[in-house]
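Here is the structure we will look at, set down as structure tokens.
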Amino acid sequence: MKNVWLPQNLTQLWACLDNEPDARFFAGGTDLLVQMRSRKVEAAAWIGLEKINEIKGIDEDKGSIRIGACVTHAQLLRHPLIAGKLSLLHKAIATLGSPPIRTMGTIGGNICTASPAGDTLPPLYVLQAEVEIFSFKGTQRLPIRDFISGPGRTKLQQGEILAAIHIKPSSGTDLHHFEKVGQRKSMCCAIASFAALWSLSSSGRIEKARLAWGSVGPTIVMDQDIEGFLIGKKLTRETLDRAAQLVEQRVAPIDDVRASADYRRKVSGHLLLRLLHFTQGCARRHIRDKGVADPPIG
Amino acid sequence: MKIQFILNGEEIHLDVAADRRVVDLLREDLGFTGTKEGCGAGECGACSILVNGEHRLSCLMVAAQLAGAEIVTIEGLSGEKGFHPLQEAFIREGAVQCGFCTPGMIIAAEALLKSNPNPTREEIRSGLSGNLCRCTGYQKIVDAVSEASRIGKKTT
């Protein structure tokens with residue numbers, strides 16, 4: 001039998017850690033209990049973080065949104081700030097797991113599990129989220145792409161917990177898209193996923209492009225060369241076809257039970273073509289709603 | 001560890017290993033075998049229970065997490081007056097084949113109808129998307145939940 005502690009606040013948490021320095025943390029438990037069952041993880045004791053108020057809640061302050069690490073996916077989906085200002089993240093979470101998994105699982109758990117297939121990760125990377133880390137000594141902040149160091153690995157040291165995620169919502173003129181390719185709609189682990197945030201100039205040239213792929217590398221794939229190739233070019237099928245070739249070279253997928261590496265490479269490139277599809281869709285809606293063809297598409 | 005919680009309206013005091021899975025505690029320690037274990041990994045929904053009114057999976061929870069909580073299992077839905085409207089609808093619509101997924105389906109449907117009393121068929125499918133029926137009788141299950149929501153509207 002292992003001890004399970006559920007501290008009610010940070011003071012209790014640090015006291016708990018003093019007594020059980022080798023304990024491991026869990027939040028929603030949706031990954032941990034599966035791993036325990038297959039005996040993939042062992043620990044002297046478990047500390048559940050679900051009752052600690054300091055790492056719950058969603059607030060907005062000075063144009064930045066702070067999401068407590070123990071906020072569940074279901075709470076995020078219901079929250080007007082997430083649906084209204086972080087719709088890219090909202091779209092990704094809507095594809096995560098199933099209703100009970102979303103009720104139990106937390107955004108902090110999804111980040112700390114650091115799976116290459118973690119559904120919240122591609123949007124958090126393109127939104128340039130920062131993580132806030134608490135320890136007995138104090139707090140620190142890190143960009144999420146520096147926090148996740150490998151498959152299943154983060155920069156968290158012993159005695160530290162992920163406390164919150166900070167995100168500055170992007171400007172209203174940015175376009176964004178999230179898509180997950182899987183074998184079914186619900187309870188599916190991504191074969192490949194893609195998050196994109198981009199903007200166009202009045203002449204239809206790409207001004208900003210932040211792109212992230214999940215499940216096609218040891219961690220989330222972002223590539224400056226792909227983004228650099230797109231900046232300043234007109235958003236056309238030809239541009240995206242050429243960028244997609246670059247994507248196929250830069251992703252580093254593996255074969256597994258869900259899909260082959262070849263398929264993942266191909267689909268990663270094809271997902272990029274959605275930028276045209278969705279930009280045109282936005283333009284059509286704009287013409288319909290406003291009666292003018294603005295923003296123009298190259 | 002000693003824990004106290006409410007199970008189907010009754011206060012339970014238990015001395016149990018803190019890391020005992022809730023599905024084992026319910027089925028083996030307390031004899032509430034209506035809650036089933038299918039996959040044991042959160043994929044199938046057969047072990048669904050309501051924890052403080054929310055749909056959770058008892059195979060992915062440990063005993064310590066029950067302390068102070070209010071739990072409802074399938075046994076808690078029917079009362080002295082008979083079956084719950086969802087159970088009645090499952091019988092009437094022929095939504096039960098082998099029956100193994102049924103308790104989890106009904107718990108998931110109860111959670112869905114509490115938050116959305118008037119769901120579309122698509123919303124029912126989405127609300128039940130964490131529950132597998134290996135007999136693949138989904139059509140009848142969706143019919144039953146839809147029927148229960150219509151009856152619910154009439155009685156309230």
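No value in this document is a laboratory result; all are computed from the given coordinates. Small disclaimer: the values here were computed from a predicted structure and weren't measured. For neighbour counting, all protein chains shown are included, and Cβ atoms are generated from backbone atoms with ideal geometry for every residue, glycine included.
Summary table
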item: Amide proton proximity set for A:Ser98, modelled H, under 5 Å, gap of 5+; result: A:Met187
item: Exposure proxy ranking, count of Cβ atoms within 10 Å, fewest first, for A:Phe278, A:Phe194, B:Phe32; result: A:Phe278, B:Phe32, A:Phe194
item: Relative counts (whole %) of C-alpha pair distances in segment B:85-155, using bins that are 10 Å wide; result: 23, 62, 15, 0
item: Potential extension, A:Arg78-A:Ser203 segment - 0.36 nm per residue separation minus Cα distance; result: 41.3 nm
item: Between 0 and 90°, nearest 10: helix B:102-115 axis offset from chain B longest Cα axis; result: 80 degrees
item: Principal-axis tilt of helix A:237-250 within chain A, Cα atoms, nearest 10 degrees; result: 30 degrees
item: Expected-Rg normalisation [2.2 N^0.38 Å, Cα atoms] applied to segment A:1-75; result: 1.26
item: Base-10 log of normalised Debye intensity for segment A:118-171 (one unit scatterer per alpha-carbon) at q = 0.25, 0.27, 0.29 Å⁻¹; result: -1.03, -1.14, -1.24
item: When each of A:Lys85/A:Lys155; A:Lys51/A:Lys137; A:Lys85/A:Lys185 is checked by Cα-Cα distance, pairs over 23 Å; result: A:Lys85/A:Lys155; A:Lys85/A:Lys185
item: Angle between chain A longest axis and helix A:10-19 axis [Cα atoms, degrees, rounded to 10]; result: 60 degrees
item: Estimated distance in nm for a label pair at A:Gln140 and A:Val257, the labels positioned 7 Å out from Cα along Cα-to-Cβ; result: 3.8 nm
item: Local electrostatic count, B:Ala41, Cβ distance below 11 Å [Lys/Arg +1, Asp/Glu -1]; result: -2
item: Value of relative contact order over chain B, rounded to a whole percent, pairs C-alpha under 8 Å and six or more apart; result: 24 percent
item: Kirkwood hydrodynamic radius (C-alpha pairs) into Stokes-Einstein, segment A:151-236, 4 °C and 1.567 mPa s, D in µm²/s; result: 83 µm²/s
item: Value at 222 nm in deg cm²/dmol, rounded to 500, when DSSP H runs of n ≥ 4 in the protein assembly as shown each add -39,500 (n - 2.57); result: -10000 deg cm²/dmol
item: Selected from B:Glu110, B:Glu43, B:Glu93 as most flexible by GNM, with chain B as the system and alpha-carbon contacts under 10 Å; result: B:Glu43
item: Intensity falloff of segment A:3-167 expressed as log10 I(q)/I(0), Debye formula with alpha-carbon point scatterers, at q = 0.11, 0.12, 0.17 Å⁻¹; result: -0.41, -0.49, -1.04
item: Nitroxide proxy distance, nm - points 7 Å out along Cα→Cβ at B:Thr33 and A:His277; result: 5.0 nm
item: Sorted by Cβ density within 10 Å, fewest first, the residues A:Lys185, B:Lys36; result: A:Lys185, B:Lys36
item: Rounded to the nearest 20 debye, dipole of segment B:85-155 from Cβ charges on Lys, Arg, Asp, Glu; result: 60 debye
item: Taking the C-alpha atoms of the protein assembly as shown, convex hull volume expressed per residue in Å³; result: 164 Å³
item: Share of Cα-Cα pairs in segment B:20-156 lying beyond 27 Å, as whole percent; result: 15 percent
item: Segment B:2-76 - convex hull of alpha carbons, volume per residue in Å³; result: 73 Å³
